[in-house]
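Visitor: Sharing a structure below in structure tokens format, with a few things to ask.
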Amino acid sequence: MKNRLLKTGVASAIFLTTIAFTSGTKQVDIKNSTITWKGEKVTGSHHGTINLKSGHFKIEDEKILGGEFVMDMSSITVTDLSGENKGKLEGHLKSEDFFGVEKHPSAKLVITSAAQKGEGNYGIVGDLTIKEQTHPITFDLKMDANSASTKLTIDRSKYDIRYGSGSFFDNLGDKTIYDNFELDVNLQF
């Protein structure tokens with residue numbers, strides 16, 4: 001009798017584990033996941049980090065169907081500067097000139113479709129919302145059992161972030177800040 005109960009318990013655990021990995025939601029470990037950013041200007045570049053507030057993938061038959069990720073824009077930091085310059089740039093990035101975190105504390109990516117490319121690689125289509133502006137975005141994502149990673153290139157001018165943009169202002173010279181910035185995303189499960 002004990003043997004039968006033990007076998008039934010083990011079989012149930014295996015069945016539930018299989019279901020958990022083949023369909024449902026795969027939560028991201030936000031404390032161990034990282035998002036780094038890089039922005040460039042004519043005279044150089046700056047980089048830093050942004051914290052993830054929440055994130056998950058929708059999974060079915062071990063394939064990505066969708067997902068949603070929320071970034072805490074008020075957590076944006078600069079990692080290539082220190083002291084007063086670091087504080088000034090962080091304050092400027094949080095201001096209305098850039099991300100306006102007082103009014104728009106979060107940015108969100110919603111995955112609308114995912115196509116398998118083989119060996120854990122996906123082509124992702126999603127909607128990215130920054131400062132209440134939503135635009136489609138496409139990118140490649142690499143996923144395995146414990147992690148996922150991607151690099152995104154985002155045109156900030158689409159999200160009403162035009163400060164120092166040569167696309168909107170003339171005669172900026174070496175004060176021009178390029179419209180595209182990059183996010184390097186490493187997610188842990």
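The values are calculated or read from the model by the stated rules, or taken from the named source; none is laboratory data. The shown structure was predicted, so the numbers you read here are calculated from the model rather than taken from an experiment. As a convention, Cβ positions derive from the backbone with ideal geometry for all residues, glycine included, and neighbour counts pool all protein chains shown.
Visitor: In segment 164-189, which residues are of a type in the set (Asp, Glu), in contact (Cβ under 8 Å) with a residue 40 or more places away in the chain and more than 25 Å from Lys53 (Cα to Cα)?
Guide: If we filter segment 164-189 for residues that are of a type in the set (Asp, Glu), which is where we start, we get 170, 174, 179, 182, 184.
Next, only the ones that are in contact (Cβ under 8 Å) with a residue 40 or more places away in the chain stay: 174, 182, 184.
Residue satisfying the conditions is Asp174 alone.
Visitor: Checking the conditions here, which among Leu152, Leu89, Leu141, Leu128 is crowded, with 18+ Cβ neighbours inside 10 Å, touching a residue at least 40 places away in the same chain (Cβ under 8 Å) and within 23 Å of His46 (Cα to Cα)? Steps first, please.
Guide: On the way: Leu152 fails: touching a residue at least 40 places away in the same chain (Cβ under 8 Å); Leu141 fails: within 23 Å of His46 (Cα to Cα); Leu128 fails: touching a residue at least 40 places away in the same chain (Cβ under 8 Å).
Just a single option satisfies the conditions, and that option is Leu89.
Visitor: If I ask for residues that are closer than 18 Å to Gly44 by Cα and either aromatic (Phe, Trp, Tyr) or touching a Phe, Trp or Tyr at 6+ places or on another chain (Cβ under 8 Å) (or both), which ones from segment 177-189 would you list? Steps first, please.
Guide: Kept after step one, since they are closer than 18 Å to Gly44 by Cα, are these residues of segment 177-189: 177-183.
Ile177, Tyr178, Phe181, Glu182, Leu183 - these are the residues of segment 177-189 that are closer than 18 Å to Gly44 by Cα and either aromatic (Phe, Trp, Tyr) or touching a Phe, Trp or Tyr at 6+ places or on another chain (Cβ under 8 Å) (or both).
Visitor: Of (1) in a helix (DSSP H, G or I); (2) touching a strand residue (DSSP E or B) at 6+ places or on another chain (Cβ under 6 Å), Asn85 satisfies all except one. Which?
Guide: Among (1) in a helix (DSSP H, G or I); (2) touching a strand residue (DSSP E or B) at 6+ places or on another chain (Cβ under 6 Å), the lone unmet condition for Asn85 is (2).
Visitor: Within segment 127-149, track down each residue that is under 18 Å from Asp72 (Cα atoms) and in contact with a strand residue (DSSP E or B) (Cβ under 6 Å, 6 or more places away or on another chain). Walk me through how you get there before you give the answer.
Guide: Taking segment 127-149 and keeping what is under 18 Å from Asp72 (Cα atoms), we get 127-134.
Within segment 127-149, Asp127, Leu128, Thr129, Ile130, Thr134 meet the criteria.
Visitor: Can I ask one more? Would you pick out the residues in segment 130-189 that are small (Gly, Ala, Ser) and not in a loop (DSSP other than H, G, I, E, B)?
Guide: Our first condition is that a residue be small (Gly, Ala, Ser); within segment 130-189, this holds for 145, 147-149, 157, 164-167, 173.
Those that are small (Gly, Ala, Ser) and not in a loop (DSSP other than H, G, I, E, B): Ser147, Ala148, Ser149, Ser157, Ser165, Gly173.
Visitor: Looking at this structure, is Ser82 closer than 15 Å to Ile161 by Cα and free of Cβ contacts under 8 Å to residues at least 12 places away in the same chain?
Guide: Numbers: closer than 15 Å to Ile161 by Cα: no; free of Cβ contacts under 8 Å to residues at least 12 places away in the same chain: yes.
So Ser82 fails the test.
Visitor: Can you tell me which residues in segment 155-186 are among the polar types (S, T, N, Q) and surrounded by 17 or more Cβ atoms within 10 Å (Cβ to Cβ)?
Guide: Within segment 155-186, the subset among the polar types (S, T, N, Q) is 157, 165, 167, 171, 176, 180, 186.
Within segment 155-186, just Thr176 meets the criteria.
Visitor: What residue, of Lys26, Lys103, Lys58, Lys108, is of a type outside the set (Ser, Thr, Tyr) and surrounded by fewer than 16 Cβ atoms within 10 Å (Cβ to Cβ)? Break it down into steps so the answer makes sense when it comes.
Guide: Working: Lys26 fails: surrounded by fewer than 16 Cβ atoms within 10 Å (Cβ to Cβ); Lys58 fails: surrounded by fewer than 16 Cβ atoms within 10 Å (Cβ to Cβ); Lys108 fails: surrounded by fewer than 16 Cβ atoms within 10 Å (Cβ to Cβ).
Result: Lys103 is the single residue among Lys26, Lys103, Lys58, Lys108 that is of a type outside the set (Ser, Thr, Tyr) and surrounded by fewer than 16 Cβ atoms within 10 Å (Cβ to Cβ).
Visitor: Follow-up question, since we're still on this one. Return the only residue of Ile161, Ile137, Ile111, Ile124 being modelled with pLDDT of 95 or more, under 18 Å from Ile30 (Cα atoms) and of a type in the set (A, V, I, L, M, F, W, C).
Guide: Numbers: Ile161 fails: under 18 Å from Ile30 (Cα atoms); Ile137 fails: under 18 Å from Ile30 (Cα atoms); Ile124 fails: under 18 Å from Ile30 (Cα atoms).
After applying the criteria, what remains is Ile111.
Visitor: For segment 45-55, check the following and say yes or no: at least one residue is part of a strand (DSSP E or B), farther than 16 Å from Val185 by Cβ, of a type in the set (Val, Ile, Thr) and without any contact (Cβ under 8 Å) to a residue 60 or more places away in the chain. Spell out the reasoning first.
Guide: If we filter segment 45-55 for residues that are part of a strand (DSSP E or B), which is where we start, we get 45-55.
With the extra rule that they be farther than 16 Å from Val185 by Cβ, the set shrinks to 45-46.
Next, from what is left, pick out any that are of a type in the set (Val, Ile, Thr): none.
No, there is no match, as no residue in segment 45-55 is part of a strand (DSSP E or B), farther than 16 Å from Val185 by Cβ, of a type in the set (Val, Ile, Thr) and without any contact (Cβ under 8 Å) to a residue 60 or more places away in the chain.
Visitor: For Lys94, state whether it is closer than 19 Å to Lys158 by Cα, buried (at least 18 other Cβ atoms within 10 Å of the Cβ) and charged (D, E, K, R).
Guide: Working: closer than 19 Å to Lys158 by Cα: yes; buried (at least 18 other Cβ atoms within 10 Å of the Cβ): yes; charged (D, E, K, R): yes.
Here the answer is yes, as Lys94 does meet what is asked.
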